[in-house]
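Taking it in order: structure first as structure tokens, then the write-up.
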Amino acid sequence: MVRAAACAGSLRLHLQIFTAPLLEVARAASSIFLCGSWKTGALLCAALLFMPRYFAFAVSASLLGSVIAQLLHMPAAMRRDGTLLYNVFLSALAVAWITRGSALSFSATWVMLGVVTVYTLLLSAALWHWFPLRAGLPPLSVAFVVAFGTLLTFFPHWAAGTTLLDMGLPDEPALPFIVTAFLRSMGTILFLPNVWAGLAVTLAILVWSRVAMINAIAGYAGGILIVKLLEACGLHWLGWFAGHNYLLAGMALGAIYFVPSWSSLA
């Protein structure tokens, strides 16, 4: 009995060591939606299997980012926060997306992924300290926005070429326009503008919180309403294609993560 208990304890320890990095990846994915649930993150990672390339890039970059964070002795609280790795996760998806329209070799693409991972990780760490202390705000996805903006600035031709490529996603069912637009916006958060991918993301969020989904719908409705009002005023722009921002804004504004103060409004 004692030997069996010792073997079970040893097996449990080895299992925890093996699964800990995978749990970090899952939590990084769920942190995109301000959630820390590894179950939701696992469902989001599964949604990336619509494009296996995206899955491989996101998981590899998150694991690399986790190792680098430990080597640099970044505080455990910072690593648990999710901000570090979820920005890395999104930046990896950006690299996977933009390099589809490039002529880079396989090895060069992975080197680029490593560089962007380190860049995003260090930027996330810097912002993790600056935003709460100076502005009273959480850093959220600022590091990813800067990293993605850098990619678009230096490689605009790749981005243009990628937008013309067929992503090979499943054929979409015939649905009302607004439903299709909503689900595509959900999928676009993971660089997968497809109804089926959006449905997978929607289900992952519903598993975590129905209130978060209500906030997302409210944010999307508010954003589209503003788009329609601007169109009525004669201002035509691509507001429908920014629907993923309305979703995330609704979820963020629907949850209170800091107490409003003069410093947070500055």
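Readers should treat all values here as calculations from the given coordinates under stated rules, not as data from a laboratory. Here the structure is a predicted model, which means the values were calculated and not measured. FYI the Cβ positions are ideal-geometry reconstructions off the backbone, even for glycines, and counts take in every protein chain you see.
Whether any residue in region 216-228 is crowded, with 21+ Cβ neighbours inside 10 Å, within 16 Å of the chain's Cα centre (by Cα) and in a helix (DSSP H, G or I) is what I want to check.
Yes, region 216-228 contains a residue that is crowded, with 21+ Cβ neighbours inside 10 Å, within 16 Å of the chain's Cα centre (by Cα) and in a helix (DSSP H, G or I).
Residues in region 141-155 that are more than 12 Å from VAL116 (Cβ to Cβ) and β-branched (Val, Ile, Thr): how many?
Summing the residues that are more than 12 Å from VAL116 (Cβ to Cβ) and β-branched (Val, Ile, Thr) in region 141-155 gives 3.
Collect the residues in region 166-180 that are closer than 30 Å to THR109 by Cα, surrounded by fewer than 10 Cβ atoms within 10 Å (Cβ to Cβ) and aliphatic (A, V, I, L, M), keeping them in residue-number order.
Across region 166-180, there are no qualifying residues.
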